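One structure below.
The values are calculated or read from the model by the stated rules, or taken from the named source; none is laboratory data. Here the structure is a predicted model, which is why all the values come from computation and not from measurement. All Cβ positions, glycine included, derive from the backbone under ideal geometry; neighbour counts span all protein chains shown. Ligands, DNA and RNA are excluded from the accessible area calculation, which covers all protein heavy atoms including side chains. Shrake-Rupley method; radii C 1.70, N 1.55, O 1.52, S 1.80 Å.
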Amino acid sequence: MSRDAFLLSLKAKIETLFTTYTKLLHTQEQQDIIRNGFVFSKIDPTANVLVMGINPSLRTDFISDDMCSYDYSKLYEDRYFKKFHHLLSAFESQGITYCDLFYQRHTEQKQIAHFLNDGVGKQFLRDQLEITKEVITYVAPRLILLFNRQGGQFFSSEWMDISLDLDKKLSTHNKLAYSHKLESYIYFAPFLGYRTPKTAFEQLDHDLPLLAKLVN
């Protein structure tokens, strides 16, 4: 499937999902979030490296004119995305693209918890993850870099129907695993923000050259 056709299908699936759950979600907190709408990444299927976060923020300055998508490759100077362009320069020759686990918009990541307290909320998250699995399968990256500790819990049999084999190539604070179902290595690291301790960036400086060998 061409990239344009995939992105059109992706938008339609997310739109249908959000329309459906607008009528099903119970709590005020859930309704407040879903009314913010959705945003998805215009992923590059030629990339061998997929960077992931947990969900898009409420900012609008990185979103395309359609107001529901963004293109990582054009966000070199964006205040959030530019750090990945800088940190991951060793992977540029392999191609890098980006997507989030979820499509709901909120700036406080802890708001994910509003969907973990009842069955409908959890199913909303699972249904989003099913779409994200399609995205990952379409890209077929050799390496996934997940920069969010909380997001790591969703790469599991409970949430995405996948199992992970921990890999011992990196004996570090961060975790490296392999998914046979996704045919990808997955590196779990903390969210990178202004509160991120210096030691986390030092750990990345140590790990990234080793991870580059997995895809080079």
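Computed quantities for the displayed model
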{"quantity": "Residues of region 130-140 satisfying the condition of being under 17 Å from residue 94 (Cα atoms) and either of a type in the set (Gly, Ala, Ser) or within 13 Å of the chain's Cα centre (by Cα) (or both)", "calculated": "136, 139, 140"}
{"quantity": "Boolean, residue 178 is touching a residue at least 12 places away in the same chain (Cβ under 8 Å), over 18 Å from residue 84 (Cα atoms) and hydroxyl-bearing (Ser, Thr, Tyr)", "calculated": "yes"}
{"quantity": "Subset of region 18-33 (residues that are surrounded by fewer than 19 Cβ atoms within 10 Å (Cβ to Cβ) and among the aliphatic types (A, V, I, L, M))", "calculated": "24"}
{"quantity": "Scan of region 141-154 for residues that are more than 11 Å from the chain's Cα centre (by Cα) and either in contact (Cβ under 8 Å) with a residue 24 or more places away in the chain or farther than 14 Å from residue 177 by Cβ (or both), ordered by number", "calculated": "141, 142, 143, 149, 150"}
{"quantity": "Residue match in region 162-177 (condition: modelled with pLDDT of 95 or more and either farther than 25 Å from residue 32 by Cα or of a type in the set (Val, Ile, Thr) (or both))", "calculated": "no"}
{"quantity": "Residue within region 51-61 that is free of Cβ contacts under 8 Å to residues at least 24 places away in the same chain and not hydrophobic (A, V, I, L, M, F, W, C) present", "calculated": "yes"}
{"quantity": "Test for residue 20: is it without any contact (Cβ under 8 Å) to a residue 12 or more places away in the chain and within 18 Å of residue 133 (Cβ to Cβ)", "calculated": "no"}
{"quantity": "Filtered residues of region 89-141 (kept if of a type in the set (Gly, Ala, Ser), touching a helix residue (DSSP H, G or I) at 6+ places or on another chain (Cβ under 8 Å) and under 11 Å from residue 30 (Cα atoms))", "calculated": "121"}
{"quantity": "Condition met for residue 78 (more than 24 Å from residue 133 (Cβ to Cβ) and either open to solvent by less than 30 Å² (accessible area, probe 1.4 Å) or modelled with pLDDT of 95 or more (or both))", "calculated": "yes"}
{"quantity": "Subset of region 101-125 [in contact with a Leu (Cβ under 7 Å, 6 or more places away or on another chain), among the aromatic types (Phe, Trp, Tyr) and either in a helix (DSSP H, G or I) or in contact (Cβ under 8 Å) with a residue 60 or more places away in the chain (or both)]", "calculated": "115, 124"}
{"quantity": "Any pair with Cβ under 7 angstrom, 6 or more apart, that starts in region 194-205 at a residue that is over 15 Å from residue 175 (Cα atoms) and ends at one that is modelled with pLDDT of 85 or more and outside any loop (DSSP other than H, G, I, E, B)", "calculated": "none"}
{"quantity": "Matching residues in region 89-100 - criterion: being open to solvent by 10 Å² or more (accessible area, probe 1.4 Å) and assigned to a helix (DSSP H, G or I)", "calculated": "89, 90, 92, 93, 94"}
{"quantity": "Counted residues, region 34-79 - those being aliphatic (A, V, I, L, M), closer than 23 Å to residue 155 by Cβ and outside any loop (DSSP other than H, G, I, E, B)", "calculated": "4"}
{"quantity": "One residue from 83, 11 being surrounded by 15 or more Cβ atoms within 10 Å (Cβ to Cβ), at pLDDT below 95 and either part of a helix (DSSP H, G or I) or not basic (Lys, Arg) (or both)", "calculated": "83"}
